[in-house]
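Worksheet for the structure shown next.
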Amino acid sequence: MLEIQNISKNYGKKKALQSCNLVANKHDIIGILGQNGCGKSTLFKSIMGLIEVDSGNIHYNYELCDFNQRKKFGYMPEQRSLFLDLTLYEQLKFLAQLKGMISNGFENLVDMYIDRFDLKDKKHTILNKLSKGQQQKVQLIAALIHDPDVLVLDEPLNGLDFYSVQLVMNELRIQASKGKIILISSHQMDFMDELCTHLLVLENGQTIKNGKLVELYQDYGVCVSVNADSLWHNISKQHKNILEKGSMIEFHFTNLIDAKKALGNFCKEPTITTLKLHNVSIGDMLKEGE
Amino acid sequence: MKTLLQFSFKRRFLNKMTLFLQVIFIIVISIMFYFDKISEFLNLEFNNPIPIYIEPSLRKLLINEEEWKNKGFEFTTNKDSITISQVKDVYTITLVNDLVTQTKIYDLLLDNHQKRKESSSNSSVYKWLEEYRTIDVDFLEYSQKENQFKHQIIILFLTSIYFMLLNFIAVNSNEIIMEKTSHMIPIILTHVTIKTHFISKLIIGFISVLFQIISSIGVLGLIGYSRYQLDRGEGLIRLMVKLLPFKIDSFNLDDVFKLLDLSINDGYQILIGLVFILIGIFIIQILILILSSKVKTMEEAASIQGPFYLVLLIIYYLALSLNTTQSLSGELGSVLSYVPIFSMLIMPMRLLTQHVMPIEIMTSILFSFALISLIFILMYPLFRDGLREEG
């Protein structure tokens, strides 16, 4: 279990993080969200011991987090952090050697990960020759290669195409299923919806939302989406919370019972060809919070 | 730490550019040692003897003809070459443009003149004159019979190493800056502690310097030995005597070694001198490393190294200006030989010119280590915070 207790960090007068709390258990995928400069990276660096917090504690498995504890953490910073003149294999080997795990099935792990991330033919390619998305995947492999218990990933989906995002999300789900704790930040809300089990939302260093995603969904009600070219105008008169989202219209309901009733009515409307009952998206949750 | 050391070493020395420069170094040293053969092969002009015409009346009086030939002159009857004539007691020399040849001709004429006078005069008069001019004094306690040639060669050796190592003071700093600008520092610091990272940089810096010394001396030694085996460097030394204003009577490397007269004691002095240079470079490396942790851009990095190069140049010129027995045993010379960083050249020079007590050497080394400890205690937090800023 990773437990963050009341940590605060100031950069001069700027309060980067204020009394932040978080509890993460095995199998949790925690999305750390917020606008640019809200304190996400500061939180990650604090967890990794790269900056000293002004107050508060970080515990891992009920012990105060020190360098040895953090050896079980894998970290992927936001910026591109690679020796670009090395090959993919050399970079991973260097980091694995630093962790002291080079003889411990390293070769098999490298082959497994580069296969999973679709980089098999790039094993001996100089990193400079890889695309940004491929470099991003190498960085993620570098964070995974020593089989850490906790993964701290700062914007791992940046610069990835849709196919690569799916690869990364699948991998993270596999890692979570193995009992690992994953902390991830991203601005790609749609993917966070699909991936996260928990959310921590920061604003100017302050925590504004924190909890299990299912519980947060309850707070924000339920949505029903229908195709936009339906005769929704008549139906919509009865509703206040309507959002137009491309080819779909989204109706927000405060509870599931109302949503089910509306669903029944929509079923009778012949022009409605697409009908979906779903939770409020994380993006909309954040918008509502503003 | 072992991984960091191996990684840095590999990046520093096993890359295409370093290997290419090493090949260039070997080629340059080979050209240096085989310059006479190469110039002979290319039939370069300066390889040929310098034709010289000496008036028959004067030539009859030459009793050191062999020495003229050894210095690269060839007697000719062609008056279009350099000509030497004598009217009364004045020698007239024409067609000599360069100072080195002028000096050589002057020395040879003077030598001939003195030998003639010596042989034509009453030997007892000369003996009396010698006795009149000099007195024999033996300073038993402090005197060290000076061998100027040896002294100069050792100073040349030590200062060459000093300048060679200057290149390496910035290597650690560049590596830190590279790690910072490539954002690898946060990654590395999640794998090793800041202290391990710091110490590994110091160790690899020191190993690099040692490696550079050993490899350079190795290359010089091997190529020099091959030349010695070929012809004992005969042609090369002759060419040097011919082209350079050396006042030595050596014609091969054996003669040069005889002239150097290196003893075990000289070996110790060179070794201690090297130790002082290494300690000085080590201190500067630590200082630059710590300052580099505060650097954020490549432009800032260049401005850090500038002042250090200036200080090292000042030390070099200071050491050269103090390079006499009197100056080095004076107040300034003595004090500076104890001051860390300055001691890296001043102490080796003191060792070469005077008897330095072992306690003085130990005290100077102790001062340097005291400074290193002080830097560790006072400045390590700066390094730590510098890296964490980046993190």
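Tell me, what is the 1.4 Å probe accessible area of A:HIS198, in Å² to the nearest 10?
Surface accessible to solvent at A:HIS198 totals approximately 30 Å².
Summarise the partner chain shielding of A:66-72 as one whole number: the mean count of Cβ atoms from other chains within 10 Å of each residue's Cβ.
Taking the mean over all residues of the peptide, I get 2.
Ranked from the most accessible area to the least, with a 1.4 Å probe and all protein chains present, what is the order of B:PHE282, B:PHE20?
My answer, sorted largest first, is B:PHE20, B:PHE282.
To make sure I understand the rule: partners must be aspartates and glutamates, Cα under 18 Å from the Cα of B:LYS37, and not fewer than 8 residues away in the same chain. Which ones qualify?
Reachable aspartates and glutamates: B:GLU45, B:ASP231, B:GLU234.
For the protein assembly as shown, what is the percent of antiparallel DSSP beta bridges, rounded to the nearest 5? Numbers along the way, then the final one.
Numbers: 41 of 64 bridges.
Restricted to the protein assembly as shown, the bridges split so that about 65 percent are antiparallel.
How large is ³J(HN,Hα) for each residue in the stretch A:85-96, as worked out from phi by the Karplus curve 6.51 cos²θ - 1.76 cosθ + 1.60 (θ = phi - 60°), to whole Hz, x for Gly and Pro?
Using θ = phi - 60°, the values come out as 8, 8, 7, 3, 5, 5, 4, 5, 5, 4, 5, 5 Hz.
Any idea what the relative contact order of the stretch B:166-259 is, in percent, if you count C-alpha pairs under 8 Å spaced at least 6 apart?
Relative contact order, the stretch B:166-259: 19 percent.
B:SER226 label point, 7 Å along Cα→Cβ, cut-off 15 Å on backbone N: hits in the stretch B:23-58?
B:23-38
With Rg and the Kirkwood Rh both taken from Cα atoms, where does Rg over Rh land for the stretch B:16-120?
In the stretch B:16-120, Rg relative to Rh is 1.18.
In percent, what relative contact order does the stretch B:302-391 have, based on Cα pairs under 8 Å that are 6 or more apart in sequence?
Relative contact order of the stretch B:302-391: 22 percent.
Which whole-Hz ³J(HN,Hα) couplings does the stretch B:216-233 yield from phi under the Karplus relation 6.51 cos²θ - 1.76 cosθ + 1.60, θ = phi - 60°, glycine and proline marked x?
5, 5, x, 4, 4, x, 5, 5, x, 5, 4, 5, 4, 5, 5, 8, 6, x
For a quick check of your reading of the filter: which trypsin sites (Lys or Arg not before Pro) in the stretch A:13-60 sit in a DSSP loop and have no more than 12 other Cβ atoms within 10 Å?
A:LYS13
Using heavy-atom solvent-accessible surface (probe 1.4 Å) with all chains present, what is the largest-first order of A:CYS267, A:CYS196? Numbers along the way, then the final one.
Numbers: A:CYS267 90, A:CYS196 10 Å².
Ranked from most to least accessible, the order is A:CYS267, A:CYS196.
Note down the relative contact order for the stretch A:120-220 as a percent, whole number, built from C-alpha pairs under 8 angstrom at least six residues apart.
Over the stretch A:120-220, the number comes to 21 percent.
Over all residues in A:75-83, what is the mean tally of Cβ atoms on other chains that come within 10 Å of each residue's Cβ?
5
Efficiency by 1/(1 + (r/R0)^6): what FRET value for B:LYS296 and A:ASN57, r their Cβ-Cβ distance, R0 = 35 Å, to the nearest 0.05? If you can, show how the numbers build up before the last one.
Details: r = 31 Å, r/R0 = 0.87.
Using R0 = 35 Å, I get an efficiency of 0.70.
Which percent of the accessible area of chain A is formed by carbon and sulfur heavy atoms (probe 1.4 angstrom)? Walk me through the numbers on the way to the answer.
Working: 6430 of 13510 Å².
Using a 1.4 Å probe with all protein chains present, chain A comes out at 48 percent carbon and sulfur.
Determine the principal axes of the Cα atoms in the stretch A:138-181, then give the extent along each, sorted from largest to smallest and rounded to whole angstroms.
In descending order, the Cα extents are 27, 18, 15 Å.
Which one of B:ALA370, B:SER263, B:SER321 has its Cα pushed farthest toward the positive end of the charge dipole of the stretch B:254-391, where Lys and Arg give +1 and Asp and Glu give -1 at the Cβ?
Result: B:ALA370, furthest along the dipole toward the positive end.
Heavy-atom accessible area of B:GLU40 with all protein chains present, probe 1.4 Å, nearest 10 Å²?
Approximately 110 Å² of B:GLU40 is accessible to the 1.4 Å probe.
Against the globular-protein guess of 2.2 N^0.38 Å, express the Cα radius of gyration of the stretch B:260-326 as a ratio, rounded to two decimals. If you can, show how the numbers build up before the last one.
Values: Rg = 16.6 Å, N = 67, 2.2 N^0.38 = 10.9 Å.
So the stretch B:260-326 has a normalised radius of gyration of 1.53.
Mind checking the dipole of chain B: about its Cα centre, +1 per Lys or Arg Cβ, -1 per Asp or Glu Cβ, Debye to the nearest 20?
In total the dipole reaches around 1080 debye.
Hey, with R₀ at 41 Å, roughly what FRET efficiency would B:PHE157 and A:HIS124 work out to, going by the Cβ-Cβ distance, to 0.05?
0.40
Counting only heavy atoms of the protein chains, get the accessible area per residue of the protein assembly as shown (1.4 Å probe) and round it to a whole Å² value.
52 Å²
More than 46 angstrom separation, counting every C-alpha pair in the protein assembly as shown; what % is that?
For the protein assembly as shown, the share of Cα pairs beyond 46 Å comes to 47 percent.
What lysines sit close enough to A:LYS268 to cross-link, taking a C-alpha to C-alpha distance under 27 Å and skipping anything fewer than 8 places away on the same chain?
A:LYS237, A:LYS240, A:LYS245, A:LYS260, A:LYS276
Non-local amide H neighbours of A:ILE32 (under 5 Å, H modeled in plane, Pro and chain starts lacking H): which ones?
Amide H neighbours of A:ILE32, under 5 Å, 5+ apart: A:ILE184, A:SER185, A:SER186, A:LEU200.
So for the pair A:TYR11, B:THR181, with labels modelled 7 Å out along Cα→Cβ, what separation do we get in nm?
Simple spin-label model gives 2.1 nm for this pair.
So what's the convex hull volume per residue for the Cα atoms of the stretch B:295-391, in Å³?
Here the figure is 98 Å³ per residue.
Which entries in the list A:LYS71/A:LYS212; A:LYS122/B:LYS16; B:LYS117/B:LYS258; B:LYS88/B:LYS117 go over 19 Å, if you measure between the two C-alpha atoms of each?
A:LYS71/A:LYS212; A:LYS122/B:LYS16; B:LYS117/B:LYS258, as the Cα separations exceed 19 Å there.
Any idea of A:TYR89's accessible area? Nearest 10 Å², probe 1.4 Å.
Around 40 Å² of this residue is reachable by solvent.
If you look at just the Cα atoms of the stretch A:112-198, how large are its Rg and its Dmax in Å?
12.6, 38
Can you give me the pair-distance distribution of chain B, C-alpha pairs, 10 Å bins, whole percents?
Once binned at 10 Å, the Cα pair distances of chain B give 4, 17, 22, 21, 17, 10, 6, 3, 1.
Using the C-alpha gyration tensor of chain A, what are the square roots of 5 times its eigenvalues, in whole angstrom, with the largest one first?
39, 25, 16
Starting from 0 in steps of 5 Å, tell me what percent of the Cα-Cα pairs of the stretch B:166-213 lands in each bin.
In order of increasing distance, the bins hold 5, 21, 26, 25, 14, 8, 1 percent.
What spacing in nm lies between the two simple spin-label points modelled at A:ASP258 and B:ILE93, each 7 Å away from Cα in the Cβ direction?
Label-label distance for A:ASP258 and B:ILE93, simple model: 11.4 nm.
Show me you know the interface measure: the accessible area buried between B and A, both chains summed, probe 1.4 Å, in Å² to the nearest 100.
Details: alone 22920 and 14540 Å², together 35330 Å².
Summing both sides, the interface buries roughly 2100 Å².
Let me confirm one metric for peptide A:44-55, namely the mean number of other chain beta-carbon atoms within 10 Å of its residues' beta-carbons.
For this peptide, the per-residue mean of nearby foreign Cβ atoms is 3.
Could you please put B:ARG238, B:ARG11 in sequence from largest to smallest accessible area, using a 1.4 Å probe?
So, going from the largest accessible area down, we get B:ARG238, B:ARG11.
Given R₀ = 45 Å, what would the calculated FRET efficiency be for B:ILE24 paired with B:GLU331, taking r from the Cβ atoms and rounding to 0.05? Could you put the intermediate results ahead of the total?
Working: r = 45 Å, r/R0 = 0.99.
The formula returns an efficiency of 0.50 here.
The values are calculated or read from the model by the stated rules, or taken from the named source; none is laboratory data. Since this is a predicted model, take the numbers as computed values, not measurements. Here the Cβ is made from the backbone with ideal geometry for all residues, glycine too, and neighbour counts use every protein chain on show. With ligands, DNA and RNA removed, areas are computed over all heavy atoms of the protein, side chains included. Shrake-Rupley method; radii C 1.70, N 1.55, O 1.52, S 1.80 Å.
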